[in-house]
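Chemist: This is the structure I have questions about; it appears just below.
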Amino acid sequence: EEEAKLQNGGFLPCPPGPGGGGGVPAGTALEEPLRSCRLRSEAERREGVAAGSSPPPLGPGDDAGSRAQAAPGVRTSRSRAEPAAPFPASLGFTDVNLNSRNTYEVSRRRSAPEHLPHGGTAPAAPAPPQEPAERSRRAGIAVAGSSFADFFTRNFFTKRTKELKPAVQSAPGWKLFGKVPPRENLPKDSKIIQQEYEARTGRMYKLPPSSARRKNIEFEPLSTTALILEDRPANLPAKSVEEALRHRQEYDEMVAEAKKREIKEAHKRKKIMRERFKQEENIASAMVIWVNEILPNWEGMRATRRVRELWWQGLPPSVRGKVWSLAVGNELNITPELYEIFLSRAKERWKSFSETSSENDIEDAAASVADREASLELIKLDISRTFPSLYIFQKGGPYHDLLHSVLGAYTCYRPDVGYVQGMSFIAAVLILNLEEADAFIAFANLLNKPCQLAFFRVDHSMMLKYFAAFEVFFEENLPKLFLHFKSYSLTPDIYLIDWIFTLYSKSLPLDLACRVWDVFCRDGEEFLFRTGLGILRLYEDILLQMDFIHIAQFLTKLPEDITSEKLFSCIAAIQMQNSNKKWAQVFASLMKDNKEGDKNHSPALKS
């Protein structure tokens, strides 16, 4: 059986059936499909016999039991007690049954070591030594016989299962359907990389610790500039000596520049604070003078030189509202009771608008000149745009309803004027300095002045006279800028209308606008146009470099960094005299010329 196993590629030939040697073998069902393989093995054996070799005889110990123990990978169809029937060794037939489990066990047992027992039995005794010629012959037969077995099993089962390597634990991580697979090449430690770099370059340099590097620095900028002195991360090459020195020099330059800039800004802040403290001291001392001396004797001291000088320097906020009310006066004889009457009328109109009137009716009524009380609805739209940066006049703010009431009462008080855009800024400034009823009285009397009445009633002929008077003093004080504006046909109405309608409260910062209001209450409408000339003088050099569009945009929105000292120094440099004529005389002459011109025109030309 050992020889038969070797001849058949390590497998026993198919045994005969249970009927003995004369019966039909059990492998007859598989014999027909594999006939070509058996014939090929028989032909190879005959060629070997013809060459001078003979099949080896069976040894005395090659019985059925020894064969079963010597070949643990063989599984037969008969019982172990039956004797082995003689079977020709020429049939190199592989022990393949129809059961796939047997085929798998054959492959598995072939891969097992020779010394392992089969079925728990002890291993058989080793075969006796054989001759070299016989060993070579059997090896050749085994190779020839195993070719079919390899071909039959290689595509279905592996000959030897691979040993699984233990999984290498890697850094925890996650992917979509499980953990990140272990990395084959783990990253090197930073110290190892540093040592490899030093060994490769031969450079061994260590910067001093950060505490030693910075202990002599008195000024440390509050930024990320100091990061240039930091060492690189441990997994990167260290800095060289030259690079470290260069970084140190760059850092010192940045620190020196930052220190110089910080010192300059500190000096600037100190200067501003000194000026502010000085201004507050002057205001405190002036407030004592105004409260104790001027206000009790208003009519006798208002025109004195001392009071006018104090007025020019600016009114203290605590007495500003009181001085404005006294300066504007109350020519209309409005009382707080009269204010309540017109306020209640305005509330009734608002209620009727909200209940009965539609949007089209409101627009038609607003367009009507006869009933300008309908412009009450326009107030709601304009209030939210009044000093939006303060957030006190917007809806929900503390002064929203108060401003709404003052403007609504005035609209009912002067329906011939109604509400015009720009009034909200004037009323807001008054509300910030006066009580509600006093603000309404000052507001109504202020808009009753000739200049404001001409602008808010949109009296074109009067507005043109004011523009013409302004140009007279414009040419007198700023001739170069006047010619520059003339070259672009830039007329005063482009920038003056916004300034006059809001009394500079929209164009200038609020504190500066209040100081302009101080002197306006002292000098009247003349100071409004003088302030306009002062603004043009302040930015004359810039305006000379601009064209029409840029000039109009610049004057519509003035820079926010304008200061009261610079502006009032430019205003003081403006001379409101032309050929020994002051503002009132020039304006009166323009009005006279206009009347004479109207008389000389014919009725046809007038129509």
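Chemist: Note down all Cβ pairs under 8 Å where the first residue falls in the range 579-590 and is closer than 17 Å to Asp523 by Cβ, the second is open to solvent by less than 50 Å² (accessible area, probe 1.4 Å) and of a type in the set (Ser, Thr, Tyr), and they're at least six residues apart or on different chains.
Modeler: Sorted first by the residue in the range 579-590, then by its partner, the pairs are Lys581/Ser589; Phe587/Tyr466.
Chemist: Give me a count of the residues in the range 497-514 that are touching a Leu at 6+ places or on another chain (Cβ under 9 Å) and assigned to a helix (DSSP H, G or I).
Modeler: Residues flagged as touching a Leu at 6+ places or on another chain (Cβ under 9 Å) and assigned to a helix (DSSP H, G or I) within the range 497-514 amount to 7.
Chemist: Which condition number does Ser589 fail, the rest of (1) part of a loop (DSSP other than H, G, I, E, B); (2) exposed (fewer than 15 other Cβ atoms within 10 Å of the Cβ) being met?
Modeler: (1)
One line per residue, one yes/no per condition, for (1) at pLDDT 90 or above; (2) under 26 Å from Asn448 (Cα atoms); (3) part of a helix (DSSP H, G or I):
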{"residue": "Glu281", "(1), (2), (3)": "no, no, yes"}
{"residue": "Asn292", "(1), (2), (3)": "yes, no, yes"}
{"residue": "Leu295", "(1), (2), (3)": "yes, yes, yes"}
{"residue": "Lys322", "(1), (2), (3)": "yes, yes, yes"}
{"residue": "Leu338", "(1), (2), (3)": "yes, yes, yes"}
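Chemist: Restricting to helices (runs of 4 or more DSSP H) lying wholly in the range 431-494: which have 1 or more residues that are under 18 Å from Trp324 (Cβ atoms) and open to solvent by 50 Å² or more (accessible area, probe 1.4 Å)? Explain how you work it out, then say what you get.
Modeler: On the way: elements: 436-446, 450-456, 460-477, 479-487.
The helices (runs of 4 or more DSSP H) meeting that bar are 436-446.
Chemist: Where the second residue is open to solvent by 30 Å² or more (accessible area, probe 1.4 Å) and among the small types (Gly, Ala, Ser) and the first is assigned by the TED database to the domain that holds Thr386 and modelled with pLDDT of 95 or more and lies in the range 492-509, which pairs have Cβ atoms under 9 Å and are six or more apart or on separate chains?
Modeler: none
Chemist: Among the residues of the range 362-385, write down those that are at pLDDT 85 or above and in contact with a Leu (Cβ under 7 Å, 6 or more places away or on another chain).
Modeler: Ile379, Ile383
Chemist: Scanning the range 230-253 for residues that are polar (S, T, N, Q) and more than 15 Å from Glu196 (Cβ to Cβ), which turns out least open to solvent (accessible area, probe 1.4 Å)?
Modeler: Keep residues of the range 230-253 that are polar (S, T, N, Q), which gives 235, 240, 249.
From the residues that got through so far, the ones that are more than 15 Å from Glu196 (Cβ to Cβ) too are 240, 249.
Working: Ser240: 28, Gln249: 111 Å².
Once the filter is applied, the top-ranked residue is Ser240.
Chemist: Can you confirm whether the range 230-245 contains a residue that is polar (S, T, N, Q) and modelled with pLDDT under 90?
Modeler: To start, the set of residues in the range 230-245 that are polar (S, T, N, Q) comprises 235, 240.
Still in the list and also modelled with pLDDT under 90: 235, 240.
Within the range 230-245, one or more residues are polar (S, T, N, Q) and modelled with pLDDT under 90.
Chemist: Do the conditions hold for Ala346, that is, is it touching a residue at least 40 places away in the same chain (Cβ under 8 Å), aliphatic (A, V, I, L, M) and part of a helix (DSSP H, G or I)?
Modeler: Numbers: touching a residue at least 40 places away in the same chain (Cβ under 8 Å): yes; aliphatic (A, V, I, L, M): yes; part of a helix (DSSP H, G or I): yes.
Against the criterion (touching a residue at least 40 places away in the same chain (Cβ under 8 Å), aliphatic (A, V, I, L, M) and part of a helix (DSSP H, G or I)), Ala346 qualifies.
Chemist: Name the single residue, out of those in the range 416-443 being within 40 Å of the chain's Cα centre (by Cα) and among the polar types (S, T, N, Q), that is farthest from Ser344 (Cα to Cα).
Modeler: Applying the filter and picking the extreme gives Gln421.
The values are calculated or read from the model by the stated rules, or taken from the named source; none is laboratory data. As the structure is a prediction and not an experimental result, all values here were calculated from the model. Methodologically, a virtual Cβ is constructed for each residue, glycine included, from the backbone with ideal geometry; neighbour enumeration extends over all protein chains shown. The protein model used for the area step is the full one, side chains on, heavy atoms only, and it has no ligands, DNA or RNA in it. Shrake-Rupley method; radii C 1.70, N 1.55, O 1.52, S 1.80 Å.
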